[in-house]
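Heads up: the structure comes next, in structure tokens.
The values are calculated or read from the model by the stated rules, or taken from the named source; none is laboratory data. Everything numeric in this text was worked out from a predicted model, so none of it was measured. Cβ placement follows ideal geometry from the backbone for every residue including glycine, while neighbour counts extend to all protein chains displayed. All accessible areas refer to the heavy atoms of the entire protein, side chains included, with ligands and DNA or RNA removed. Shrake-Rupley method; radii C 1.70, N 1.55, O 1.52, S 1.80 Å.
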Amino acid sequence: AYYLGSKHYIKDTLIVGKGGVIRYSGEGEEKPESGLYLMVFPDNNYFEFVLTESSFTLETDINDPVPNMKIKDSPENEAFFTYLRDIARFQKEAMELQKKLKAPESTDSEKGEVNTRLQELNVEANEVKSKFMAAHPDLIVTKMIQASDEPPIPEYMTEDGEPDYQKRL
């Protein structure tokens, strides 16, 4: 599958061979372009990978593909999966904290602590992302990460020093 904007579309179906092996060999007009692709399984579980090298191997567990991914002959995917694993730990903690925020028994004090930790997690994740991009400036995945970043919105203030939210729109 591939991305078009924020949606993904199935492009081709691959047959699973003996031992769970899937082989794809696009040739001629069928040769895929470099970019970010998805391997989607029948249960809609999927993982992303980067297609840049003409030949490489990805091996994983269908039930938990990213943590179990083994890569051969693809430095781009080695870097990409390292990044995905690093970011996953922030996402996991953030999801748990979001549950605490929505819990009806959470006090205002607890919610304040959770929001503080969420802000800290965001800063930590952005540091990991920045370090990754600095270490791998020429990778396609770095360019995709940069392209997906939202541009910073400047702070505008009214004449009396209050935030001007209308101007930010």
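Observations, loosely collected:
- Probe 1.4 Å, accessible area per residue of the chain, Å²: 75
- Computed from Cα positions, the angle between helix 108-135 and the longest principal axis of the chain comes to roughly 50 degrees.
- For log10 I(q)/I(0) by the Debye sum over Cα atoms at q = 0.08, 0.10, 0.18 Å⁻¹, the candidate list reads (i) -0.41, -0.59, -1.12; (ii) -0.27, -0.42, -1.22; (iii) -0.37, -0.56, -1.28; the entry that matches the value derived from this model is (iii).
- Gyration tensor verdict on region 50-134 (Cα atoms; rounded if a/c is under 1.5, prolate if a/b is larger than b/c, oblate otherwise): oblate
- Between the Cα long axis of helix 75-102 and the first principal axis of the chain there is an angle of about 40°, rounded to the nearest 10.
- With contacts taken as Cα pairs under 8 Å at a separation of at least 6 residues, region 33-169 carries a relative contact order of 15 percent.
- Region 77-169 - charge dipole about Cα centre, Lys and Arg +1 at Cβ, Asp and Glu -1, debye rounded to 20: 540
- Selection from 148, 21, 132 lying farthest towards where the dipole of the chain points positive, charges on Cβ: 21
- Fluctuation leader among 87, 15, 71 - the chain, Gaussian network, Cα springs under 10 angstrom: 15
- Eligible aspartates and glutamates near residue 18 by straight Cα distance, threshold 20 Å, same-chain separation 8 or greater: 43, 59, 61
- Pair residue 85, residue 134: separation of 7 Å Cα→Cβ label points (nm): 2.2
- Surface composition of the chain: carbon and sulfur make up 51 percent of the accessible area, probe 1.4 Å.
- Charged-residue dipole, Cβ positions (Lys, Arg, Asp, Glu), region 28-91 about Cα centre, Debye nearest 20: 240
- The charge dipole of the chain, taken about its Cα centre with unit charges on the Cβ of Lys, Arg, Asp and Glu (plus for the first two, minus for the last two), comes to roughly 560 debye.
- Overall form of region 117-169 per C-alpha gyration tensor (a/c, 1.5; a/b vs b/c): prolate
- Proximal lysines to residue 111, defined as alpha-carbon separation beneath 26 angstrom and excluding residues fewer than eight positions away on the same chain: 92, 99, 100, 102
- In plain terms, the chain from residue 153 to residue 102 could stretch by 15.6 nm, reckoned as 0.36 nm per residue minus the Cα-Cα distance.
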